Amino acid sequence: MMGPEDGMLESDPLSLVMIAYILMAIVMGVLWAVQRKTKNAAIGDVGWCAGLIASVLSYATQAPAGIERILLTAMLVVLYAGRLGLHIYSERVAGQSEDGRYRRLRKKWGDSESVNMFVYFQWKAVSVAVFSFPFLAVLWNPRVPSSVVELLGLLIWGVGVAGEAKADRQLAHFRADPRNEGRVCREGLWRYSRHPNYFFDWLHWCSYVVMTMGAPGWLFTWVGPIGMGWLLFRVTGIPRAEEQALSSRGEEYKAYQATTNAFFPWYPRQKPETSVTL
């Protein structure tokens, strides 16, 4: 990632990432065994958040950085992944039945469900390692943590994390009301985007690109917005969420699709259109 010629490395960042991956592969193997008994695969999402925190904090113990940068990096990962992990645990794990998206996957996989779920959990171990790169770039940034670009990045980070938290709270509040069972949430941020939580999560990953602009390892921060964008648009995010929503909410969700952007927040259209924009 960054060579020793920079005169600032005591530990090889790539070696730290490989160690983090190996440990996470073991952890995800254990969590896979746990979900076989509980039949709730969301425990893997909680493990992803906890693993990201543990990995980045372990990097901080090896980084030749000042205390200010170490504390900054620790704050970034703990507040982002810690909040997300606690939310997922309380809403989808603790005393909860498995999320419909995972139930659909189990049904789709059939007899191969156990093997495919193991691969899925191991993929999460890889994901922890990949998405730890932006935090490494922040941690190994030689600038004092008060440059203009870093402050701008922190502003974007704050908007992203706060926006995702607000969207999650609004949806949880909506679902907590028994009168809303089977209905589509159009309250708050959900009026302007069908997936505002995904949008603000993606925006959060963009912040590291700005925060480390021009610093060693800057190019590696692009795995955040590019990788997360690909996952949200093509793999685990919007496609699965929309499939589950259409299955459980039917025509009401189709009307929601016709008037509300899937990702980028904007004012809803007054009349349904045949095409749905992102």
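The values are calculated or read from the model by the stated rules, or taken from the named source; none is laboratory data. Everything quoted here is computed from the prediction, not taken from an experiment. We place every Cβ from the backbone using ideal geometry, glycine too, and count neighbours over all the protein chains shown.
Kindly list, by first and then second residue, each pair from a residue in the range 83-108 that is in the same structural domain as residue 176 (by TED's automatic domain parsing) and in a helix (DSSP H, G or I) to a residue that is at pLDDT below 95 and surrounded by 14 or more Cβ atoms within 10 Å (Cβ to Cβ), limited to pairs with Cβ atoms under 7 Å and residues at least 6 apart or on different chains.
Taking only residues 6 or more apart or on different chains, not a single pair turns up.
I'd like to verify a number: residues in the range 58-109 that are farther than 30 Å from residue 153 by Cβ and exposed (fewer than 14 other Cβ atoms within 10 Å of the Cβ), how many?
Count: 6.
Per-residue answers, yes or no, for (1) part of a helix (DSSP H, G or I); (2) over 23 Å from residue 237 (Cβ atoms):
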{"residue": "110", "(1), (2)": "yes, yes"}
{"residue": "116", "(1), (2)": "yes, no"}
{"residue": "120", "(1), (2)": "yes, no"}
{"residue": "144", "(1), (2)": "no, yes"}
{"residue": "149", "(1), (2)": "yes, yes"}
{"residue": "161", "(1), (2)": "yes, no"}
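Just for the range 219-236: of the residues that are over 22 Å from residue 167 (Cβ atoms) and crowded, with 18+ Cβ neighbours inside 10 Å, which one is nearest to the chain's Cα centre (by Cα)?
Checked the range 219-236; the qualifying residue nearest to the chain's Cα centre (by Cα) is 223.
State the number of residues belonging to the range 1-37 that are polar (S, T, N, Q) and at pLDDT below 95.
Adding up the residues that qualify gives 2.
Assess whether residue 166 counts as being without any contact (Cβ under 8 Å) to a residue 60 or more places away in the chain, touching a helix residue (DSSP H, G or I) at 6+ places or on another chain (Cβ under 8 Å) and charged (D, E, K, R).
Here the answer is yes, as residue 166 does meet what is asked.
Can you pull out the helices (runs of 4 or more DSSP H) entirely within the range 192-278 that have at least 3 residues that are touching a helix residue (DSSP H, G or I) at 6+ places or on another chain (Cβ under 7 Å), within 30 Å of residue 145 (Cβ to Cβ) and in contact (Cβ under 8 Å) with a residue 12 or more places away in the chain?
Hits in the range 192-278: 196-211, 223-234.
With respect to residue 24, determine if the residue is more than 19 Å from residue 87 (Cβ to Cβ) and in contact with a Gly (Cβ under 6 Å, 6 or more places away or on another chain).
Numbers: more than 19 Å from residue 87 (Cβ to Cβ): yes; in contact with a Gly (Cβ under 6 Å, 6 or more places away or on another chain): yes.
Judged against the criteria, residue 24 is a match.
Here are some conditions: (1) surrounded by fewer than 17 Cβ atoms within 10 Å (Cβ to Cβ); (2) in contact with a Lys or Arg (Cβ under 9 Å, 6 or more places away or on another chain). Residue 36 meets all but one. Which one does it not meet?
(2)
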